[in-house]
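Down below is the structure, laid out as structure tokens.
The values are calculated or read from the model by the stated rules, or taken from the named source; none is laboratory data. All of these numbers come straight from a predicted model, not from anything done at the bench. When we count neighbours, we look across all protein chains shown, and the Cβ atoms used for this are built from the backbone with ideal geometry, even at glycine. The accessibility values were calculated without ligands, DNA or RNA, using every heavy atom of the protein model including side chains. Shrake-Rupley method; radii C 1.70, N 1.55, O 1.52, S 1.80 Å.
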Amino acid sequence: MVDELNQEDTFNYFLICKICIDEECCAEPYFTFCARNEIDKIKEKIKDFPEIFHDFLEVDTIMYNGEVYEWYGIKKVNGRCIFLKNRRICMIQDVKPLHCRCYPLVWEYDLTHNKLLIYLDTHPDCALVPLISKDKQWLIRMKEIIVNEVQQMPMIDRIAYSSLDCDDTLQLIDTIDLL
Ligand code: SF4
Ligand code: SF4
């Protein structure tokens, strides 16, 4: 399976996720962050899904410059992401948030220095970690995607994402200056 994936598409590790036994990925206790500029694509994707999926956002608030702002995540139902079908199928695979697409890479925005910190989550249960760690092309490409998409995010979303609790399994792999 891995050889086949590496030959055909070094970016597509989704087949590995399909057979993963980790019970927590896409589920509690993790929050699935969704930037506001990602919400419309998801709405378009799910417009013909049953009504139950239309109320898919979880809302939280954050203080920034003395103002209260809303920020968003994908809702959990019975402890699992509302878009997680069966064991491991993402119903919005082609429009899922960056937070999901880049994992096990995780980013954090350093507001003071306008830098992006990129981590690898070395979680021992994630089968992708040893694979992508060796795939330099994937890492370079995904870091480009993260930088590009974070730069398009409203500042409040960069800050909100960076306030998420992170596991102690994060290993810093790069620090990038933003424009
Ligand atoms: S833990 Fe890793 S391998 Fe398993 S589903 Fe999540 S990202 Fe995929
Ligand atoms: S949007 Fe898809 S990949 Fe992201 S947490 Fe939900 S089911 Fe998992």
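Only a single criterion out of (1) within 13 Å of ligand 2 (Cβ to nearest atom); (2) part of a strand (DSSP E or B) is not satisfied by PRO29, namely (2). Counting only helices (runs of 4 or more DSSP H) that sit wholly inside region 108-179, those with at least 1 residues that are loosely packed, with under 12 Cβ neighbours inside 10 Å are 128-134, 136-152.
Taken together, the residues in region 27-49 that are open to solvent by 70 Å² or more (accessible area, probe 1.4 Å) and of a type in the set (Ser, Thr, Tyr) amount to 1.
For first residues located in region 138-157 and closer than 12 Å to LEU116 by Cα, partners that are open to solvent by less than 50 Å² (accessible area, probe 1.4 Å) and of a type in the set (Phe, Trp, Tyr) and lie 6+ apart or on another chain with Cβ distances below 8 Å form the pairs ILE146/TRP107; VAL150/TRP107; VAL150/TYR109. Of all residues in region 73-91, exactly one satisfies the criterion of being touching a helix residue (DSSP H, G or I) at 6+ places or on another chain (Cβ under 7 Å) and more than 15 Å from ligand 1 (Cβ to nearest atom), namely ILE82. Within this structure, ILE52 fails the test of being more than 16 Å from ligand 1 (Cβ to nearest atom), buried (at least 17 other Cβ atoms within 10 Å of the Cβ) and assigned to a helix (DSSP H, G or I). Within region 55-67, the set of residues being β-branched (Val, Ile, Thr), over 21 Å from CYS26 (Cβ atoms) and open to solvent by 70 Å² or more (accessible area, probe 1.4 Å) comprises THR61 only. If you go through region 95-114 and pick out every residue that is more than 15 Å from ligand 1 (Cβ to nearest atom) and touching a helix residue (DSSP H, G or I) at 6+ places or on another chain (Cβ under 7 Å), you end up with 5.
Residues in region 55-98 that are in a strand (DSSP E or B) and either of a type outside the set (A, V, I, L, M) or in contact (Cβ under 8 Å) with a residue 24 or more places away in the chain (or both): 19 in all.
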